[in-house]
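Notes to accompany the following structure.
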Amino acid sequence: MRDERDCDVLVVGAGPTGLCTALMLTQHGVRVRIVDSKSGPVEQARAAIVHARTLELFDRLGVAEAAVARGLPITDVAIHEAGRHVGDMPLAGEGTGDRTRFPYALALEQFETERVLVEALKEHHVEVEWNTAVVELADTGALVGVTTAEGRSITARWLVGADGASSAVRGFVGQSFDGETYDQAGMLADVTLDVDLGVRGMRLNLTRGGFVGILPLASGRCRLFGVVPRELEQAPSQKNPSHEAYAPLAPADLQKWFDGYFKVDARLEEVVWASMFRFHSRIASRFRVGNVFLAGDAAHIHNPAGGQGLNLGVGDAVNLAWKLAQVVNGEAPERLLDTYESERRPIARTVLKRTDLGFKLETGNSAVAVWMRAHVATRVVGAVSRLAPIRRMFFHMFSQLWIRYRNSPAVGPGTGPLRPGDRAPYAEIRPTRDGASSVLDLTHGSGYHVLLFGAQSLDTDRLAASLDDRYTVAITTHVIPPEEEAAHRAYQVSGPLLVLVRPDGHVAAVAEPKSPGVTDFLDTVLTRVKAPA
Ligand SMILES: Cc1cc2nc3c(=O)[nH]c(=O)nc-3n(C[C@H](O)[C@H](O)[C@H](O)COP(=O)(O)OP(=O)(O)OC[C@H]3O[C@@H](n4cnc5c(N)ncnc54)[C@H](O)[C@@H]3O)c2cc1C
């Protein structure tokens with residue numbers, strides 16, 4: 001294999017995970033290449049829900065505004081039973097606006113998400129190399145080399161396998177994809193209906209046999225989704241553990257499904273795209289093997305309950321990209337990269353477990369599942385979801401705002417209400433000259449950020465200079481004055497407090513500003529500036 005190490009990181013796969021990885025890497029000054037076997041971005045709508053945490057990560061990548069402009073914010077799920085409206089379940093809305101800038105789930109077709117990311121990459125002069133399938137991989141320890149289908153070689157220091165559920169990279173590094181494939185088949189279709197149903201939120205119809213739903217899209221189309229009754233089932237073999245094993249559906253079959261299960265008096269006017277597929281729940285045993293990382297669907301797939309798939313991949317991408325960037329740029333020791341797997345694999349396992357449980361309750365034929373659907377889902381959920389704390393709980397669960405990395409080696413020790421590893425809380429602040437209007441805005445941009453609360457008596461310039469002198473990575477200090485009451489409340493400030501925020505918006509350390517705890521911790525995860533000889 002000819003050595004032409006022309007990039008620091010090679011990303012294989014230009015789906016949402018690979019595109020986000022490449023975008024964050026290039027924004028951090030890393031020489032990155034991204035290849036994909038397809039001839040261009042995906043043409044189908046596929047994943048159609050972008051959750052609040054993902055939008056916050058998009059905000060860090062500078063693409064949230066473009067994504068929101070192309071999507072439709074969804075705040076509620078109307079629950080129907082056999083066509084009758086029985087209650088509403090919140091996805092966000094009232095009672096959640098103080099938690100994030102994006103108090104909703106965004107209905108956004110995957111081709112739009114990918115276009116936004118491809119355009120952002122172009123602005124950084126990174127072009128996706130389409131029609132480039134990786135067919136061979138060798139990791140020498142010092143370099144990773146791949147061969148493409150046309151026989152070209154590309155070598156890089158690190159490689160990210162973001163090549164989807166049927167990942168070739170996963171196979172090259174000898175990882176199995178353990179888990180299960182459900183017996184049940186699912187169906188997705190993007191259609192236009194001949195009547196306006198007035199569906200503004202998501203509409204879920206619970207039936208004895210499972211669930212079906214309608215999600216309105218910004219284009220005026222509707223996404224139909226749900227389980228497929230046995231009599232309509234023609235899904236491909238269960239043997240291929242992939243979302244990609246899907247079959248196109250005849251419009252007449254789709255209309256039959258719609259009439260029988262949605263209980264809505266409408267005709268499907270145009271079927272833009274329809275597919276039937278098996279549900280899977282699988283995870284790779286390692287997310288890092290040598291110089292190769294697995295991310296997104298290449299590392300984990302699960303059933304679509306709650307629309308978590310794409311969102312989990314974007315979370316992987318951001319978690320991995322800043323760490324790779326710091327290691328490539330000589331700002332952090334290589335061991336930081338081990339924390340990608342130790343932080344993200346448990347998150348993927350939790351999502352797998354939750355979506356499995358949700359799916360079994362939504363589709364199971366056991367007496368418990370049928371009873372839960374008939375009584376809990378339709379009545380109790382409808383009634384209690386009007387309460388603000390319950391709305392907040394639902395939102396927390398679906399939005400991925402719950403994700404945190406407490407006890408990770410990539411965060412410092414700490415106790416108290418705000419703990420290292422937690423997502424840095426959102427709070428509005430008075431707009432700054434640089435255009436920041438929330439605490440999280442202050443923490444955008446590469447490197448770490450120090451938030452100082454109750455620091456009036458502190459020589460903040462000296463603190464900033466001492467951090468700057470000690471580490472090679474940029475550490476920017478922001479003083480949050482007492483007038484910013486919402487921020488003080490969100491960070492539960494009761495005295496002088498220093499909060500160190502990582503490049504992915506998670507808290508790295510919480511300390512009393514004058515304590516040596518922060519530098520003790522930073523010494524373990526950052527490269528120190530060498531003292532002059
Ligand atoms: C039909 C379908 C419907 C779906 N619907 C939903 C949904 O409603 N909700 C939801 O949350 N999720 C859904 N998903 C899943 C969702 O699309 C994925 O979770 C998401 O796309 C994962 O992103 P990714 O970037 O990790 O992988 P992918 O989007 O799969 O991207 C992987 C990329 O790698 C490329 N690639 C593969 N092999 C190679 C190779 N050897 N060399 C180079 N490139 C390669 C592929 O061409 C592809 O572009 C659906 C998936 C499918 C297939």
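May I ask you to derive the relative contact order of the range 273-351, considering only C-alpha pairs under 8 Å and at least 6 residues apart, and to give it as an integer percent?
29 percent
Ranked from highest to lowest mean number of other Cβ atoms within 10 Å per residue, what is the order of the peptides 57-68, 467-478? Walk me through the intermediate numbers first.
Numbers: 57-68: 20.1, 467-478: 17.2.
Put in order of decreasing packing, that is 57-68, 467-478.
Taking the Cα centre as origin and putting +1 on Lys and Arg beta-carbons and -1 on Asp and Glu beta-carbons, what dipole magnitude results for the chain, to the nearest 20 debye?
Result for the chain is approximately 1280 debye, rounded to the nearest 20.
Can you give the charge dipole size of the range 1-155 about its Cα centre, rounded to the nearest 20 debye, using +1 on the beta carbon of Lys and Arg and -1 on the beta carbon of Asp and Glu?
In debye, rounded to 20, the range 1-155 gives about 80.
Kindly state, to the nearest 0.05, the FRET efficiency for residue 218 paired with residue 335, given R0 = 41 Å and r defined as their beta-carbon distance. Walk me through the numbers on the way to the answer.
On the way: r = 44 Å, r/R0 = 1.07.
My answer for the efficiency is 0.40.
Got a sec? Charge dipole of the range 1-90, +1 on Cβ for Lys and Arg, -1 for Asp and Glu; which of 66, 80, 25 is way out at the positive end?
Of the candidates, 25 comes out farthest on the positive side.
By per-residue mean of other Cβ atoms within 10 Å, what is the highest-first order of 260-273, 440-453? Please list the in-between numbers first.
Details: 260-273: 15.9, 440-453: 21.1.
Peptide ranking by packing, descending: 440-453, 260-273.
Taking 0.36 nm per residue of separation and subtracting the Cα-Cα distance, what length does fully extending residue 349 through residue 133 add?
Value of the extension gain: 74.9 nm.
Quickly rank 505-516, 107-118 as a protection proxy: mean count of other C-beta atoms within 10 Å, highest first.
The most tightly packed comes first, giving 107-118, 505-516.
Relative contact order for the chain using alpha-carbon pairs under 8 Å, separation at least 6, rounded to a whole percent?
16 percent
Using a 1.4 angstrom probe, figure out how much accessible area the range 439-525 has per residue, in square angstrom, rounded to the nearest whole.
Accessible area per residue, the range 439-525: 41 Å².
For residue 323, go through the aspartates and glutamates and keep the ones whose alpha-carbon is under 18 Å away, minus same-chain ones fewer than eight residues off.
Those aspartates and glutamates meeting the cut-off are 8, 331, 334, 338, 341, 343, 422, 504, 523.
Between residue 178 and residue 483, what's the calculated FRET efficiency when r is the beta-carbon distance and R0 is 35 Å? Round to 0.05.
Computed FRET efficiency for residue 178 and residue 483 comes out at 0.05.
Please list, or write none, the aspartates and glutamates whose alpha carbon is within less than 20 Å of the alpha carbon of residue 38, excluding same-chain residues fewer than 8 places away.
Correct list for residue 38: 109, 112, 114, 119, 127, 129, 136, 150, 163, 244, 297.
Can you tell me what share of the DSSP beta bridges in the range 1-96 is antiparallel? A percent to the nearest 5 is fine.
Of the beta bridges lying entirely in the range 1-96, close to 60 percent run antiparallel.
Measure off 7 Å from each Cα along the Cα-to-Cβ vector at residue 512 and residue 466, then give the distance between these two points in nanometres to one decimal.
1.4 nm
Expressed as a whole percentage, what fraction of the accessible surface of the chain belongs to carbon and sulfur atoms when a 1.4 Å probe is rolled over the protein heavy atoms?
Its accessible area is 52 percent carbon and sulfur atoms.
May I ask you to compute the full-extension gain from residue 520 to residue 397, defined as 0.36 nm times their residue separation minus their alpha-carbon distance, rounded to one decimal in nm?
Fully extending the segment from residue 520 to residue 397 adds 40.9 nm.
Based on the Cβ-Cβ distance of residue 84 and residue 196, what FRET efficiency does E = 1/(1 + (r/R0)^6) give at R0 = 25 Å, to the nearest 0.05?
Step by step, r from the Cβ atoms, then E = 0.80.
Using a simple spin-label model with points 7 Å from Cα along the Cα→Cβ vector, what separation in nm is obtained for residue 111 and residue 143?
Output for this residue pair reads 3.9 nm.
For the chain, with the dipole built from +1 on Lys and Arg beta-carbon atoms and -1 on Asp and Glu ones, taken about the Cα centre, which of 54, 37, 133 lies farthest toward the positive end?
54
Rg to Rh ratio, the chain, alpha-carbon atoms and Kirkwood radius?
0.98
Residue separation times 0.36 nm, minus the C-alpha to C-alpha distance between residue 357 and residue 152: what's the value?
Contour length minus the Cα-Cα distance gives 69.3 nm.
Along the three principal axes, how long is the range 451-533 when you take its alpha carbons, biggest first, rounded to the nearest angstrom?
The Cα atoms of the range 451-533 stretch 46, 27, 18 Å along the principal axes, largest first.
Once you charge only the Cβ atoms, +1 for Lys and Arg and -1 for Asp and Glu, what is the size of the charge dipole of the range 439-525 about its Cα centre, to the nearest 20 debye?
Result for the range 439-525 is approximately 140 debye, rounded to the nearest 20.
So which helices of the chain fit the span-like rule, where a helix is a whole DSSP H run, its Cα atoms reach 24 Å or more along the axis, and its mean Kyte-Doolittle is at least 0.5?
309-328
The values are calculated or read from the model by the stated rules, or taken from the named source; none is laboratory data. Nothing here was measured: the structure is a model prediction, and the numbers come from that model. Positions of Cβ are generated from backbone atoms using ideal geometry, with glycine treated the same way; all protein chains shown enter the neighbour counts. Ligands, DNA and RNA are excluded from the accessible area calculation, which covers all protein heavy atoms including side chains. Shrake-Rupley method; radii C 1.70, N 1.55, O 1.52, S 1.80 Å.
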